């Protein structure tokens, strides 16, 4: 087994957000949030990092910070579609054989979990790799805003095939529940196949796009990590991010 030789990290970002408008540009100690995410992704040191920006303002903020960004269609329905357009734009010849999708609202991201997701692609049978963390808050187990991953993870083996993802309280019975972390590593061919697929029945029901891949038999592996990175979707979460990143 060997890792893809030439990965790229892509960060989808758009200004439209119902709970925190313009959040990629939200100031965190003198730098826009998207720049903090860019820095964390660069610290992972697995390959070049490019922001897939839906609007010029985001691209300008990234360029002003010395980073790379490409403009993408603001009408894309998902981050996966956005990063694929960016990939084709910045690498039309197909030199990059793997893509890590880092969400643009994770300014406190631990770079190590980016590396963990990528390393799972060492198994040639894995199409997509993603992450989860054990849920410690009982309220999360029934919160539909916190997607859960179902996988045969054990105390001794932190990596397993993902069997399902749900917004419901599952699986039933005693044992841990796992909070799905929306960070993905794709083989390039797998990403290309994924974005060409029609939306799946279960994807539409659960509103979880990763189910599209499972419905057609693509293999998703998932690794358990220790903590869930703070996703910034509300003013309160932005305040918390500022506290965490205080100099």
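The values are calculated or read from the model by the stated rules, or taken from the named source; none is laboratory data. If you're wondering where the values come from, they're calculated on a predicted model, not measured in any experiment. Methodologically, a virtual Cβ is constructed for each residue, glycine included, from the backbone with ideal geometry; neighbour enumeration extends over all protein chains shown.
See the values below:
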| quantity | calculated |
| --- | --- |
| Residue list for the stretch 178-197, filter: closer than 22 Å to residue 106 by Cα, free of Cβ contacts under 8 Å to residues at least 60 places away in the same chain and in contact with a helix residue (DSSP H, G or I) (Cβ under 9 Å, 6 or more places away or on another chain) | 179, 180 |
| Output for the stretch 219-247, where each listed residue is assigned by TED's automatic domain parsing to the domain that holds residue 146, crowded, with 18+ Cβ neighbours inside 10 Å and over 16 Å from residue 110 (Cβ atoms) | 220, 221, 222 |
| Enumeration of residues in the stretch 150-169 that are surrounded by 17 or more Cβ atoms within 10 Å (Cβ to Cβ) and either out of contact with any helix residue (DSSP H, G or I) (no Cβ under 9 Å at 6 or more places or on another chain) or outside the structural domain of residue 200 (by TED's automatic domain parsing) (or both) | 150, 151, 153, 160 |
| Among residues of the stretch 115-152, those that are at pLDDT 95 or above and part of a helix (DSSP H, G or I), counted | 8 |
| Flag for residue 185 being part of a helix (DSSP H, G or I) and at negative phi | no |
| Enumeration of residues in the stretch 24-39 that are in contact with a helix residue (DSSP H, G or I) (Cβ under 7 Å, 6 or more places away or on another chain) and assigned to a strand (DSSP E or B) | 28, 32 |
| Number of the condition not met by residue 204 [criteria: (1) crowded, with 18+ Cβ neighbours inside 10 Å; (2) out of contact with any helix residue (DSSP H, G or I) (no Cβ under 7 Å at 6 or more places or on another chain)] | (1) |
| Of the criteria (1) surrounded by 19 or more Cβ atoms within 10 Å (Cβ to Cβ); (2) at pLDDT 95 or above; (3) over 19 Å from residue 216 (Cβ atoms), which one residue 177 fails | (2) |
| Residue in the stretch 87-98 that is modelled with pLDDT of 95 or more, surrounded by 23 or more Cβ atoms within 10 Å (Cβ to Cβ) and not assigned by TED's automatic domain parsing to the domain that holds residue 179 present | yes |
| Checklist (1) in contact with a helix residue (DSSP H, G or I) (Cβ under 6 Å, 6 or more places away or on another chain); (2) not in a helix (DSSP H, G or I) applied to residue 21, failing item | (1) |
